[in-house]
1. Go ahead and estimate [θ] at 222 nm for the chain from helices alone: -39,500 (n - 2.57) per DSSP H run with n ≥ 4, summed, over the residue count, rounded to 500.
2. Kindly provide the GluC sites (Glu not before Pro) of region 737-820 that DSSP labels as loop, not H, G, I, E or B, and whose Cβ sees at most 10 other Cβ atoms within 10 Å.
3. Quick one: compute the contact order of region 499-618, relative version, from alpha carbon pairs under 8 angstrom and 6+ residues apart, as a percent.
4. Let me see the pair-distance distribution of region 689-747: every alpha carbon pair, 10 Å bin width, integer percents in order.
5. What does the C-alpha gyration tensor say about the overall shape of region 397-505? Classify as rounded when a/c is under 1.5, otherwise prolate if a/b is larger than b/c, or oblate.
6. Within 10 Å of each candidate Cβ there may be at most 16 other Cβ atoms; applying that plus a DSSP loop requirement, which trypsin sites (Lys or Arg not before Pro) in region 239-329 survive?
7. Rounded, prolate or oblate, given the Cα gyration tensor of region 444-534, with a/c below 1.5 counting as rounded?
8. Measure nothing but the geometry: give the 0 to 90° angle between the long axis through the Cα atoms of 393-406 and the longest principal axis through the Cα atoms of the chain, rounded to 10°.
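What follows draws every value from the coordinates through simple rules; no lab data is involved. Fair warning: this is a prediction, and the values are worked out from it, not measured in the lab. Glycine gets a Cβ as well: all are built from the backbone with ideal geometry, and neighbour counts include every protein chain shown.
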Amino acid sequence: MDYNHIEIEKNWQKEWEEKGVFKTSQKNEKEKYYVLTMFPYPSGTIHVGHVKNYVIGDVVARYKRMQGHNVLHPFGYDAFGLPAENAAIKNNVDPGKWTFKNIEIIREQIKKIGISYDWDREIATCTEDYYKWTQWIFLKLYEKGLAYKKNAAVNWCPSCKTVLANEQVVNGKCERCGTEIEMKKLEQWYFKITDYSERLLDDLKKLEGWPENVKIMQKNWIGKSVGAEVNFTIEGNNKKLSVFTTRPDTLWGVTFMALAPESPLVEELTTPEQKKEVEEFLNRVTKEDKFKRIAQGAKKDGAFTGSYAINPVNGEKIPIYVANYILFEYGTGAIMAVPAHDQRDFEFAKEFNLPIRLVIKPEGSDLTEEDLSEAFTEDGIMVNSDKFNGMKNRNALHKIIEWLEEKNIGKKSVQYKLRDWLISRQRYWGAPIPIVYCDECGVVPVPEKDLPVKLPTNVKFEPAGKSPLTYTEEFINTTCPKCGKQARREVDTMDTFVDSSWYYLRYINPKMKDKPFDSDDVNYWLPVDQYIGGVEHAILHLLYSRFITKVLYDLGYVDFTEPFSNLFTQGMIYKNGAKMSKSKGNVVSPDEMVEKYGADTLRLYMLFMGPPEKDAEWNDAGLEGVARFMNKVWNLMSKIIEVTKDVNIENMKLNTKEEKSLRRKLHQMISKITNDIEKNFQFNTAISGMMELMNELNAYMNNVDEKNWNKELLKELAYDFVILLSPFAPHLSEELWHMMGHNTFVLDAQWPTVDEKALEVEELEIVVQVNGKVRAKIIVNANSSEEEIKNKAFENDKVKKYIENAEIKKVILVKGKLLNIVIKK
Ligand code: ANZ
Ligand code: ZN
């Protein structure tokens, strides 16, 4: 008989909700365990790719709870952001209404999957009682000097019509919509994440529970470089031209200097004769994409300024160029160029016919400048470098920095690629930045007691390009919190990554009115023990959250410096060879699958598809296979429950080989499944283990007459199996659990433990020798005593033949292997 998943699943979902099975107590004597899955953006319905994520988290949450932990497993929505606003513009609906409608839908979708979320803790970042605290965090950063405004060249997405953080630009394109980014000069708000560069880098070492690739991405993004800042003088000018170099050992090989096109020095240093050439170049370069122009292998372009610098190490006069491959925002925005040893400088020198001078050679070679078809970037022996000649360049590097410091022409310098986090957005659907501008007092933060600065409704979205709040008079016009005079509000809202940089803290006290969270509670629950989410957040969300946690630590609000102890990044589900997306029309809806196969089958299938960290291809046939397994479980278990009603497990006695082997299998699988869950999330192999166990059970029940079934053993097996299955297929497990007569929930059961005894091999073959000659092989129980083995050997007919009427002098037992009987004839 097939099991009726529709009825069973609906029933238990209702029951779990009514009895509050998934509610977490705030604190108790048990060890805490915080499982968190990255919350979704509620832009519509969710697809099976999201569901897989939640199911992985649910297996961990249920397993840990049955292992005796106090488990926190919350859910919420990253609910501010562009899609709501774009939908509002397109369909003329209120972004809030649109968002909450989607939240309703997603909540129902997830409830149908039976995820063990404590729904009392649900949060949405777009609610006033959440974004009030996002604004509070802004104020805390502002007070500490970590939130500031500056006018700078910023990334502008012409399609999203807003600025973006550097982290949101991927290969020169908008991370969200893929449109090419333009540069604009604008006054924007920033968080000073660069103050934390070193700690963000250093603390990566603590994150042993994070995938290596994510840590490497963060490390590269932070991009620490150690080198020197060297001061060149400008000829005929007492100004200094300072450069950052990681290679002060190449200082004698500098043949030109180069400035970034954006550098204010360009105008200052361009001579009247060179003005035209430089201006033409600047015109060309503004049309060039900034990301392409600095990319490796990009065509080198530039112009001579007409000015010269003096190399402080040898007094040489060298031309100053402006070049397209120099970044204004990195180092000092100017470089010393060493074409012999830097590939980009080499390409530029070739393009502009500039000299190339070797200052490092491979040991024992007679390499010359003429031999170079590209820069020599390896290590070697220094030449043409005055008193450093003959030294290994790596050794010289440190000596040169010391020498520069002594001579006061340079100093050791550390640079990071990480830039400050641009957090203001010219969009409506976000948390307003709690700042007021007053003609008298300037920039004034909104006092904490006046939070939240509420987002107005009924705003006008046109003309786009500026925050829609710009056109909302009631919002803009306010009074200055300091002097009480007429003032204007900041119209930009915060990047949604600010909302998500602290949400894991709000789950602890989701309804707290006077604080974002209670420090004691948060210190009990955090860090998150297991975080699960997509690798696409490797630098964005995960870096921002680490930063905000460190700021809150410095301010004394939390006593931990890292928010997530363990991170698991799951693979994606593909369909027809492509990533699931609405635009490709290859989205599999969980609702349809739940309807057809049931939530448990869907859950099991998604975890059975392959190792959860790998991408996998959706396949309906796979689902059918899992459905057959579910029916098998249902049939076998119902049968056992039926025939073992009045059986007491305590009375178990194993008699036959089949019984022993079946029990051994059960305990092997308890051990395997526990291990697979505990280590590396090997859910797919855990499920294979369950399938194996069911096959053995099935074979036993088919091969042994029903009247000879060992009912105690069957009862033990069913009991343990239902618990093992429950993190994966909770509904079916719950149903079976109750059919067994329990009046508690399976989630309150204890995870089975392995009976080591059951794992032992039960029987052994012992070779029997008489006076050193093999005469027989006997099978004995593995834990038989020496006496029992002897007796069995003596009773063996073949052995009897040799020892009858003989005097037994000695019997020697080699444990588990051999019995030698020494006789005298
Ligand atoms: C001379 C030199 C010789 C360099 C050599 C390298 C090799 P990382 O490792 O990425 O920090 N540089 C410095 N500021 C720059 C800017 N604003 N835009 C473009 N390039 C810049 O790279 C540091 C090196 O990149 C620096 O060391 C400088 O070139 C260049 F054989 O100085 B080097
Ligand atoms: Zn004022």
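1. Rounded to the nearest 500, the figure is -11500 deg cm²/dmol.
2. Working: sites: GLU756, GLU760, GLU762, GLU763, GLU765, GLU786, GLU787, GLU788, GLU795, GLU804, GLU807; in loops: GLU760, GLU762, GLU804.
Loop-located and lightly packed - GLU804.
3. Numbers: 134 pairs, mean separation 28.1, N = 120.
That works out to 23 percent.
4. 21, 48, 28, 3
5. In terms of gyration-tensor shape, prolate.
6. Taking region 239-329 and a limit of 16 other Cβ atoms within 10 Å, the loop trypsin sites (Lys or Arg not before Pro) found are LYS239, LYS299.
7. Oblate shape, in that a/c is at least 1.5 and b/c is the bigger or equal ratio.
8. 50
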